[in-house]
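**Student:** Below is a structure I'd like to ask you about.
The values are calculated or read from the model by the stated rules, or taken from the named source; none is laboratory data. For clarity, every value in this text was computed on a predicted model and none was experimentally measured. A quick note on method: Cβ atoms are made from the backbone with ideal geometry, for glycine too, and the neighbour counts reach across all protein chains shown.
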Amino acid sequence: MRRVAAWLAWLGGLLVLWILLVGTIQEVEVVAGLVAAAIGATAAEVVRSRGLLRYRVKWRWLRRGARQLLFVVPDFFRVMATLASRPRGSFRTVPFPAGGERDVDRGRRAFATLAASFAPSRLVIDLDPDTGEALVHDLLPAAQSAEKLL
């Protein structure tokens, strides 16, 4: 029963993602989305059942990550406003303790990479567990004000 629930969760999430990406709910797109989501859900469930998809995400990370969503719209408009001037982005490192091999450590690395890259002006390039730093690319200098990833 747990595998069926996990497969249905993957199917629902992937179908919603498909519909958001294609931007329409025409019947042919929904059918194509169902087929693609079923293939993706099956692949994800096979990987998960083999123990290769081991991570845990804590609820407090989701609350912190939700704050990152507040930067998406303002950063989008800042990026659009500065594109005409051809901004030069910069690579820099920010502190991020990325070590550990527990499921929760894997989940923290994955979630921090995803959530910190929501805003269009920042992209997480690499997490280095040895130095405890993350390499990020900031397109706009104003985006460098937030020193932490999450």
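**Student:** Any chance the range 77-93 includes a residue that's under 30 Å from Gly51 (Cβ atoms), at pLDDT 80 or above and among the polar types (S, T, N, Q)?
**Tutor:** No.
**Student:** Among the residues of the range 25-38, write down those that are farther than 17 Å from Arg3 by Cα, surrounded by 12 or more Cβ atoms within 10 Å (Cβ to Cβ) and not β-branched (Val, Ile, Thr).
**Tutor:** Selection gives Glu29, Ala32, Gly33, Leu34, Ala36.
**Student:** Another question, if that's okay. Report, by residue number, each residue of the range 44-61 that is surrounded by 11 or more Cβ atoms within 10 Å (Cβ to Cβ) and free of Cβ contacts under 8 Å to residues at least 24 places away in the same chain.
**Tutor:** Residues satisfying the conditions are Val46, Val47, Leu53.
**Student:** From the list Arg64, Arg78, Arg86, Arg92, which residue is under 17 Å from the mean Cα position of the chain (by Cα) and either within 29 Å of Thr131 (Cα to Cα) or of a type outside the set (Asp, Glu) (or both)?
**Tutor:** Going through Arg64, Arg78, Arg86, Arg92 in turn, just one is under 17 Å from the mean Cα position of the chain (by Cα) and either within 29 Å of Thr131 (Cα to Cα) or of a type outside the set (Asp, Glu) (or both): Arg64.
**Student:** Is it the case that Ala41 is assigned to a helix (DSSP H, G or I) and either touching a Gly at 6+ places or on another chain (Cβ under 9 Å) or surrounded by 15 or more Cβ atoms within 10 Å (Cβ to Cβ) (or both)? Lay out the reasoning, then the answer.
**Tutor:** Numbers: assigned to a helix (DSSP H, G or I): yes; either touching a Gly at 6+ places or on another chain (Cβ under 9 Å) or surrounded by 15 or more Cβ atoms within 10 Å (Cβ to Cβ) (or both): yes.
Against the criterion (assigned to a helix (DSSP H, G or I) and either touching a Gly at 6+ places or on another chain (Cβ under 9 Å) or surrounded by 15 or more Cβ atoms within 10 Å (Cβ to Cβ) (or both)), Ala41 qualifies.
**Student:** When you scan the range 79-95, how many residues do you find that are part of a strand (DSSP E or B) and charged (D, E, K, R)?
**Tutor:** 1
**Student:** Give the residues of the range 115-135 that are at pLDDT below 80 and out of contact with any helix residue (DSSP H, G or I) (no Cβ under 6 Å at 6 or more places or on another chain), sorted by residue number.
**Tutor:** Selection gives Ala116, Ser117.
**Student:** Looking only at the range 136-145, count every residue that is modelled with pLDDT under 80 and more than 16 Å from Val73 (Cα to Cα) and tell me the total.
**Tutor:** Initially, the range 136-145 is screened for residues modelled with pLDDT under 80, giving 140-145.
Okay, now just the ones that are also more than 16 Å from Val73 (Cα to Cα), so 141, 144-145.
Residues in the range 136-145 being modelled with pLDDT under 80 and more than 16 Å from Val73 (Cα to Cα): 3 in total.
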